[in-house]
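The values are calculated or read from the model by the stated rules, or taken from the named source; none is laboratory data. Being a predicted model, the structure only gives us computed values, none of them experimental. For neighbour counting, all protein chains shown are included, and Cβ atoms are generated from backbone atoms with ideal geometry for every residue, glycine included. Areas reflect the complete protein model, heavy atoms only, side chains present, ligands, DNA and RNA absent. Shrake-Rupley method; radii C 1.70, N 1.55, O 1.52, S 1.80 Å.
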Protein chains: 2
Amino acid sequence: MSEKSIENIRHSLSHLLAAAVLKKYPDTKLGIGPTIENGFYYDFLFTKPINDADLIEFEKEMRALIKQSLDFKSEEITSAAAKKLFKNQPFKLELIEELAKEKSPMSLYHTSDIFTDLCRGPHVKNTKEINHDAFKLTHIAGAYWKGSEKNPMLTRIYGLAFNTNKELEDYLVFMEEAKKRDHRELGKKFEIFTFSEEIGQGLPIWLPNGTIIKDLIENLAKEKEAAEGYQRVSTPVITKENLFIKSGHLPHYKESMYAPMDIDGENYYLKPMNCPFHHTVYASKPRSYRELPLRLAEYGLCHRYEKSGELQGLMRVRSMDMNDAHIYVRPDQVRDEIKRVIELHEFYYKLFEIKKIKYRLSLHDKKELGKKYVDMPKAWIENEKILREVLQGLKVDFYEAENEAAFYGPKIDIQVYSIIGKEYTLGTVQLDFAQPQRFDLKYIDDKGKEVMPYVIHRAPLSTHERFIGFLIEHYAGAFPFWLSPVQIKILPVGENHVKKCQEIKDSLSAEKFRVEIDDSGETLGKKIRGAEMQKVPYTIVIGDKEMESGKIAVRERGKKDIETIELDKFIENCQKLTIKI
Amino acid sequence: MSEKSIENIRHSLSHLLAAAVLKKYPDTKLGIGPTIENGFYYDFLFTKPINDADLIEFEKEMRALIKQSLDFKSEEITSAAAKKLFKNQPFKLELIEELAKEKSPMSLYHTSDIFTDLCRGPHVKNTKEINHDAFKLTHIAGAYWKGSEKNPMLTRIYGLAFNTNKELEDYLVFMEEAKKRDHRELGKKFEIFTFSEEIGQGLPIWLPNGTIIKDLIENLAKEKEAAEGYQRVSTPVITKENLFIKSGHLPHYKESMYAPMDIDGENYYLKPMNCPFHHTVYASKPRSYRELPLRLAEYGLCHRYEKSGELQGLMRVRSMDMNDAHIYVRPDQVRDEIKRVIELHEFYYKLFEIKKIKYRLSLHDKKELGKKYVDMPKAWIENEKILREVLQGLKVDFYEAENEAAFYGPKIDIQVYSIIGKEYTLGTVQLDFAQPQRFDLKYIDDKGKEVMPYVIHRAPLSTHERFIGFLIEHYAGAFPFWLSPVQIKILPVGENHVKKCQEIKDSLSAEKFRVEIDDSGETLGKKIRGAEMQKVPYTIVIGDKEMESGKIAVRERGKKDIETIELDKFIENCQKLTIKI
């Protein structure tokens, strides 16, 4: 079946849910019931709390309705008639008022003669189109009416719906696996990060294990970027408001910025982005064409005001360390530099074992030039062609999206998929014709003339927050050797093996490996399970046999076998697993 | 002569300066004339601008006055009489009003019959005590009356004064050298940092060269601290106000904090210190005595509100990255841990070639227990003894200061002296009995009982800002090899040597050295001078001779000789200069 028909099925199921709810609880007030990714929901105001047993009953009733082969039919209606029909439904009345004010047409959808909703459709023609084995009500959650904390809290019932039962089952397995990998749970379990109510929402605190990972990724970026000819800078996290007026952020982006501080009678803001600071560094001295491309990199600490209801673990936070850089290029350098930037993304994705990547090239629409897009028609046409050719040349999986570019220029957004196929937005590469103008950036070309550079914005490793959140779920906490907070755990069988373990630890620490000894009084079996739970890549066991042979017994994470080898050989193997740029 | 008599000389010279000024410009209004380190100043409101020629005349007149063997004599006076005497001196009248309000006694100091000032003294008895060859008027500067921008701007005349001409001459040479090393000038010259009026005062922007130094120092700290058993954390830079109310900062330190931001109806502050955040990490799970000492380290970004007039290059800034750590110890671990911390300071000082270090042990005063100091008499006595014994045992140069401790516990402040003998305050080690109480920090001791740990605050590498400011002046920009932004510069003699230079650069870059090629069209002499100006540790020259021999010609910074060696041998030499922890 087509995308459209599954949308119609999901939409129709939301109506059947409402019908089932009203049958059991006739006094329920109805909110709205849209489709969402993989399913649908409907919001209700119940007169008393409902529970999982209710969901089972609703689902049963929905199946019964489907089997009745009910027709869906639409009908145009006046606002006066609509008000009369929904006189006991306050939320519907509110919607009718709004539609009337906007002078929008109003329509009803009847599910045979058992349920009628205010709705624009579309729906299936008959419930026969719905596979009664391919949907499921999953859970309830609280949701403010129209998303505003000032409105009443309704009860949202979520459902999944697919064309086939197999799709539903696969999705449920996927969800179960994704839930096990939830970075919020694993982040707690592996002591990677925490939040504190006392410090503030959306402000992650990196615990020692998380700080190790953060530092390793930051070092990786620094080494790779150094090899790629980037120069690093380090800029303040606050600024007078004028800088963000000039950049256009305060006029257009103020809602996502923190409130200002009054310093010496002037407004200072926490920066939501690093660009204007890097432009300030660029403009701090005259630049020659010979200096370009000038690549200014910084893991910059940005703050964005996200609504408290939208915060989600590390995925949506209020403070974030961004793998940022701005590359100032001559127009003739766009092709080479965009290619290098995409290759850099591919380098990282390979390193982190990301197998599926989708690039989206977002283009302008010439009708919107001077409105939605900066009015530089030639630059748009030439550079969109270059970006397309680069993506084609690199043979990456990409598609094009018309009229989806940034104001400043065309961009390439990147979706990646974790090992279990969950989708994440990690990166965006933007070519920018407009900001250099706002900041009056210049270089002297080979004829001594002043010319404006373009800027490329890029952050292949995203923010530490989002990227590490992704990595936790991608690896389910079983990080590769080089990234594991504890790389090697040494387990003495008895008291008299502890000294030998300490010697081995010293040898491994001298090679900069992160090593722990478990000298708790527990049994060996329990110690091994502990190391396995902690997802430590290698466990070394030292008992009498090892003391005699001088070799070590090594167990690899997730494997049953134990290998007995020389310590030197083990060190050599570990060194091979360490990332070198 | 004693400290007291040089103070008297300096004070008397300020009166002689005022006398000299009034002789030439009788309508001048007098401010005040205190002594300062190495000299004195006096503030005046002139009726017209003065210049360096005036200073020479004032100095000449002061010498003439000294030679007249004038007596200084004091006299008690009523405020009515004082008002009459100074009726034409508005600033003096203001001071008289204030003294009258405070009911303070008032006195005059007469310099024979030629000048009388409102002054408490003390002074020399006779100008014969002053060496007329050992003082000098140095410069003028603007200064607001009473330091407030709301008051009129006066002209401050600065003078130096010592007991002997030799001391004066030595000091002038030192000042000249210190001026050449001024980190604000060198920071600009070597492109280490800059400030931007548009971003804000006191907020340093680290340029690429400065960011290299900052990252190297940070890596040094991270490696050293890892080897010393520290664990790293990474905490937010803002917090709800409650955390700083609990810590006592908002009640007592608010003036040095940035103004709050309103987020979701609550006040958030930029953190001025990291301690409460580390306490939050400590308290995030139950702790056992086996976990202590727990050493939590972070290069934490702090913001402090310094008055704009007090900002000074990197030495006094508003945003700073601190080499911070908090060590949670059991009371029986204080001795060992303080020793390790002092040894860590000594390790860094040796590495940075700091030859002169003074430790000051600040102690409590039992009369102030429960007032100026937390009321834990036993803890004070026991731990002051331990700190004293540690400093004695390490044989470092230290002295004791009574009644100078922090509220929380005894502390050790550290002054270091640069190569030319300039003094800097870089570090402080504080033992803290009080904050753990405020944050209700606990550990379970070996008997299962809840016990409060102590905390040690330490930051041996200070803030990046202050430490790099110090290093710039200490090394006059000629950083040691491992810390130089550009370590090696390669100079091709002609066009046909550029390719070979590139090969050499690639070999050196592969070994992670920071290398540049100077392929400008300049003469070799000019290129060598350029590298010398840039303070590059090694310059490699490649011409026909080197192309033939396969060796390289290397010139070390500051030396005339050129050594011809194999590239491999040079790499080996350079690797020996790289810091390994």
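Can you tell me, using C-alpha contacts under 8 Å and at least 6 residues apart, the relative contact order of the stretch A:3-177 as a whole percent? Reported as a whole number, the value is 27 percent. Across the copies of the chain, B:K560 has label points (7 Å from Cα along Cα→Cβ) spaced 7.9 nm apart, shortest distance listed first.
At an R0 of 25 angstrom, the distance between the Cβ atoms of B:D375 and B:K449 translates into a FRET efficiency of 0.65. Across peptide B:457-467, the mean count of Cβ atoms from other chains lying within 10 Å of each residue's own Cβ comes to 0. Using the Cβ-Cβ distance between B:E548 and A:E223 with R0 set to 45 Å, the FRET efficiency works out to roughly 0.80.
A protection proxy built from the mean count of other Cβ atoms within 10 Å ranks the segments A:552-558, A:134-140, most packed first, as A:134-140, A:552-558. Accessible surface of the stretch B:189-475, 1.4 Å probe: 47 percent of it comes from carbon and sulfur atoms. Remark: mean inter-chain Cβ contacts per residue of B:506-519 equal 1, using a 10 Å Cβ-Cβ cutoff to other protein chain atoms.
One residue of chain B places its C-beta nearer than any other to the axis carrying B onto A; that residue and its whole-Å distance are B:M261, 3.
Charge dipole (Cα centre; +1 on Lys/Arg Cβ, -1 on Asp/Glu Cβ; no other charges) of the stretch A:3-177 amounts to roughly 740 debye.
Entry comment: accessible area of the protein assembly as shown is 46 Å² per residue, from protein heavy atoms only and a probe of 1.4 Å. Label point of B:M452 (7 Å along Cα→beta-carbon): distances to the other copies' equivalent points are 6.3 nm, sorted ascending.
Annotation: extensible slack from A:N573 through A:Q392 equals 61.3 nm (criterion: 0.36 nm per residue apart, minus Cα-Cα distance). Take every Cα pair under 8 Å whose residues are at least 6 apart in sequence, average their separation, divide by the length of chain B, and the relative contact order is 10 percent. For the residues B:E228, A:E516, a 1.4 Å probe over the protein chains yields an accessible-area ranking, largest first, of A:E516, B:E228. Taking B:H11, A:H345 and ordering them by how much accessible surface each has at a 1.4 Å probe, largest first, produces B:H11, A:H345. Within 10 Å of the Cβ of each residue in B:186-199, the mean number of Cβ atoms contributed by other protein chains is 3.
With its label point put 7 Å out from Cα toward Cβ, B:E404 sits 6.7 nm from the same residue's point in the other copies, in order from shortest. When +1 charges are put on Lys and Arg Cβ atoms and -1 charges on Asp and Glu Cβ atoms, the dipole computed for the protein assembly as shown relative to its Cα centre reaches about 720 debye. Of all beta bridges that DSSP places with both ends in the protein assembly as shown, some 85 percent have antiparallel geometry.
Is the shape of the protein assembly as shown best called rounded, prolate or oblate, per the rule: a/c under 1.5 gives rounded, else a/b larger than b/c gives prolate, else oblate, with a ≥ b ≥ c the square roots of the Cα gyration tensor eigenvalues? Judged from the Cα gyration tensor, the protein assembly as shown comes out prolate (a/c at least 1.5, a/b above b/c). Using a/c under 1.5 as the rounded threshold, could you call chain A rounded, prolate or oblate? The axes a ≥ b ≥ c are square roots of the C-alpha gyration tensor eigenvalues, and prolate needs a/b larger than b/c, oblate otherwise. It comes out oblate by the Cα gyration axes. Rounded if a/c is under 1.5, else prolate if a/b is larger than b/c, else oblate: which is the stretch A:481-576, with a ≥ b ≥ c the root eigenvalues of its Cα gyration tensor? Rounded, since a/c falls under 1.5. Helix content alone sets the calculated 222 nm mean residue ellipticity of chain A: runs of n ≥ 4 DSSP H residues at -39500 (n - 2.57) each, divided across all residues, give -11000 deg cm²/dmol.
Here the calculated FRET efficiency for A:M153 and A:Q437, from their Cβ-Cβ distance with R0 = 41 Å, stands at 0.30, rounded to the nearest 0.05. Counting charges near B:K355 (Lys, Arg +1; Asp, Glu -1) among other residues having Cβ under 14 Å from its Cβ returns a value of 0. Could you grab the relative contact order for the stretch A:481-576? Cα pairs under 8 Å, six or more apart, rounded to a whole percent. Once normalised by length, the contact order is 29 percent.
With the highest mean first, a sort of the peptides B:292-298, B:415-421 on other beta-carbon atoms found within 10 angstrom per residue produces B:292-298, B:415-421.
For the residue pairs A:K551/B:K580; B:K339/B:K411; A:K307/A:K422; B:K83/B:K103; A:K189/B:K449, the C-alpha atoms sit more than 20 angstrom apart in A:K551/B:K580; A:K307/A:K422; A:K189/B:K449.
Using a 7 Å offset from Cα along Cα-Cβ at B:N242, what residues in the stretch B:268-287 end up with backbone N under 18 Å from the label point? The answer is B:268-271, B:276-285. Taken about its Cα centre, chain A carries a charge dipole of about 800 debye when Lys and Arg each add +1 at the Cβ and Asp and Glu each add -1 at the Cβ. Once both labels are positioned 7 Å from their Cα atoms along Cα-to-Cβ, the gap between A:L524 and A:D71 label points is 7.7 nm. Secondary structure note: in the stretch A:189-475, about 85% of the DSSP beta bridges are antiparallel. Relative to one another, the C-alpha centroids of the stretch B:336-372 and the stretch B:31-104 are positioned 41 Å apart.
In the stretch B:417-572, a dipole from Cβ-located charges (positive for Lys and Arg, negative for Asp and Glu) runs towards its positive end, and of B:G448, B:L567, B:L508 it is B:G448 whose Cα lies farthest in that direction.
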